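Trainee: Handing you this structure, nothing more for now.
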Amino acid sequence: MTEPALRAPARRPWLAGFAAFNALAAWAGAVGLVTGGMDFGESINDRLPFDSLVLAGLALGIIVGIPLTVLAWSDWNGGPRTDNLALAVGLMLIVWIVVQVAVIRTFSVFQPTYLAVGSAFVAASRRVTMSPHRQRTGCSESSSCSTKV
């Protein structure tokens, strides 16, 4: 039995733009950290692995910047794997923020913002849907469950 061929989804310029904007922000942050143009302050810098802003900048570029750039390019060109990329990028952003909080042990307004950004990419992936049980009962993450009659 053969796997069905992936077909190119309809381009979503908003997704390409959103990914490109966030990629640009990640690349700016990575360059700023690697070149010493920005830092987190002495107490947070000391909590970084190996106390290295360069390593933090490289990680930001590799783990966040590259995947967002690839997603933006894929969607702009109508790539058949765009939905899979959006799911992977969204999950990577969410994990990045969770690890960041565990490592630097401090709060920033960017953390909930980028949790929301990651969630938006997951939702845009069209790979996550409500199960039939949730649809039938009217359950959602933000509300209580009630059985529809």
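Trainee: If you place +1 on the Cβ of every Lys and Arg and -1 on the Cβ of every Asp and Glu, how big does the dipole about the Cα centre of the stretch 1-128 come out, in debye to the nearest 20?
Mentor: Magnitude of the dipole: close to 540 debye.
Trainee: Using only alpha carbon pairs under 8 Å that are at least six residues apart, calculate the relative contact order of the stretch 13-127 and give it in whole percent.
Mentor: Taking the mean separation of contacting Cα pairs over the length of the stretch 13-127, I get 28 percent.
Trainee: Could I ask something else about it? Could you compute the FRET efficiency for I44 and L91, with r as their C-beta to C-beta distance and R0 at 25 Å, rounded to 0.05?
Mentor: After rounding, the FRET efficiency stands at 0.50.
Trainee: List L68, L15 from most exposed to least, where exposure is judged by having the fewest other Cβ atoms within 10 Å.
Mentor: Exposure proxy ranking, most exposed first: L15, L68.
Trainee: Please report the net charge: other residues with Cβ closer than 12 Å to the Cβ of F40, K and R +1, D and E -1.
Mentor: Counting the neighbours of F40, the net charge comes to -2.
Trainee: Would you mind counting up the charge near G90? Only other residues with Cβ under 15 Å from its Cβ, with Lys and Arg at +1 and Asp and Glu at -1.
Mentor: +2
Trainee: Relative to the present Cα-Cα distance, how much length would full extension add between D51 and V109 at 0.36 nm per residue of separation?
Mentor: 18.6 nm
Trainee: Fewest Cβ neighbours within 10 Å first, please rank F18, F121, F40 accordingly.
Mentor: F40, F18, F121
Where a number appears in this text, it was derived from the coordinates with a stated rule and is not lab data. Since we're looking at a predicted model, the values are computed, not measured. Glycine gets a Cβ as well: all are built from the backbone with ideal geometry, and neighbour counts include every protein chain shown.
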